[in-house]
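**Student:** Structure in structure tokens, see below.
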Amino acid sequence: MSISTSDYCWLLLPLIVACSRPETDKTNVRRGLDAWPVSELNETPKVAAKTPKDSIASNWEDGYLLLSWKILAQVTFDWEFSGELQAEVPIPNFSEAVQALEGQPVQIKGYVIPMGDPDAPFTVLSANPYKQCFFCGGAGPETVMDVLLKDGEKRHFDMDETTVFRGRLKLNRDDFDYLNYILEDAEVVD
């Protein structure tokens, strides 16, 4: 049985809603992110809002910004009722630093959460291992990202396989078929 992108988002949504209620201050970094295994990717890049790639003061490698989960944690959430989902859902308010990353070529490391068909051109990347219940420890929607692989790029991923991806970052505020962060045209970095 294969699961479509839309189906897996519907499966993840109850976890996101249940575990990211407003009792938690979403402007703070989640537990687990500080323990990220690659310290150089865990540092918060200094990104000037609304500036071109050339003027962003940060770590770049081969034309890709080395993105950390800490900078992606710079988001707050408003709760709004969705007629489509018939439920209250968290709507992200991305910080200026995160907004400046929209469309930028980025590189990020995380734990893979394979979804459905092993040959599917998409997967989920998490700041936290799934085996440790990535949402149960207080993590929220900002700790996961959809990874949409480039055309022709297919690979089998094991659960919690530590992987580095490169692609273009897309911010998603209102399409409930996808997570808040999407890495488009992604490829695996060996």
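**Student:** Test Asn172 against the stated conditions and say whether it is under 26 Å from Glu61 (Cβ atoms), touching a Phe, Trp or Tyr at 6+ places or on another chain (Cβ under 6 Å) and at pLDDT 95 or above. Show your work before the answer.
**Tutor:** Values: under 26 Å from Glu61 (Cβ atoms): yes; touching a Phe, Trp or Tyr at 6+ places or on another chain (Cβ under 6 Å): yes; at pLDDT 95 or above: yes.
Spelling it out, Asn172 is indeed under 26 Å from Glu61 (Cβ atoms), touching a Phe, Trp or Tyr at 6+ places or on another chain (Cβ under 6 Å) and at pLDDT 95 or above.
**Student:** Among the listed residues Met145, Met159, identify the single one that is in contact (Cβ under 8 Å) with a residue 40 or more places away in the chain and over 14 Å from Tyr181 (Cα atoms). If you could, list the steps in order and put the result at the bottom.
**Tutor:** Numbers: Met145 fails: over 14 Å from Tyr181 (Cα atoms).
Selected residue: Met159, the only one of Met145, Met159 that is in contact (Cβ under 8 Å) with a residue 40 or more places away in the chain and over 14 Å from Tyr181 (Cα atoms).
**Student:** Of the residues that sit in the range 144-179 and are within 20 Å of Tyr64 (Cα to Cα) and of a type in the set (S, T, N, Q), which one is most open to solvent (accessible area, probe 1.4 Å)?
**Tutor:** At the first step, the residues of the range 144-179 found to be within 20 Å of Tyr64 (Cα to Cα) are 144-151, 153, 162-171.
Within this subset, residues satisfying the condition of being of a type in the set (S, T, N, Q) are 162-163.
On the way: Thr162: 68, Thr163: 6 Å².
My answer is Thr162.
**Student:** Every residue in the range 120-139 that is part of a loop (DSSP other than H, G, I, E, B) and either of a type in the set (Lys, Arg) or modelled with pLDDT of 90 or more (or both), please. Talk me through it step by step, then tell me what you get.
**Tutor:** Our first condition is that a residue be part of a loop (DSSP other than H, G, I, E, B); within the range 120-139, this holds for 120-121, 127-129, 133-139.
Listed by number, the list holds a single entry, Ala127.
**Student:** A follow-up question, please. Go through (1) open to solvent by less than 30 Å² (accessible area, probe 1.4 Å); (2) closer than 24 Å to Trp60 by Cβ; (3) touching a helix residue (DSSP H, G or I) at 6+ places or on another chain (Cβ under 8 Å) for Gly140 and report which single condition fails.
**Tutor:** The failed condition is (2).
**Student:** Restricting attention to the range 60-97, which residues are surrounded by 13 or more Cβ atoms within 10 Å (Cβ to Cβ) and within 19 Å of Ala186 (Cα to Cα)?
**Tutor:** Residues satisfying the conditions are Trp60, Tyr64, Leu65, Leu66, Leu67, Ser68, Trp69, Leu72.
**Student:** Got a sec? Which of Asp117, Asp190 is more than 24 Å from Trp60 (Cα to Cα), at pLDDT below 95 and in a loop (DSSP other than H, G, I, E, B)?
**Tutor:** Selected residue: Asp117, the only one of Asp117, Asp190 that is more than 24 Å from Trp60 (Cα to Cα), at pLDDT below 95 and in a loop (DSSP other than H, G, I, E, B).
The values are calculated or read from the model by the stated rules, or taken from the named source; none is laboratory data. The model shown is predicted, which means the values in this text are computed figures rather than measured ones. All Cβ positions, glycine included, derive from the backbone under ideal geometry; neighbour counts span all protein chains shown. Side chains are part of the model used for accessible areas, which takes the heavy atoms of the whole protein and leaves out ligands, DNA and RNA. Shrake-Rupley method; radii C 1.70, N 1.55, O 1.52, S 1.80 Å.
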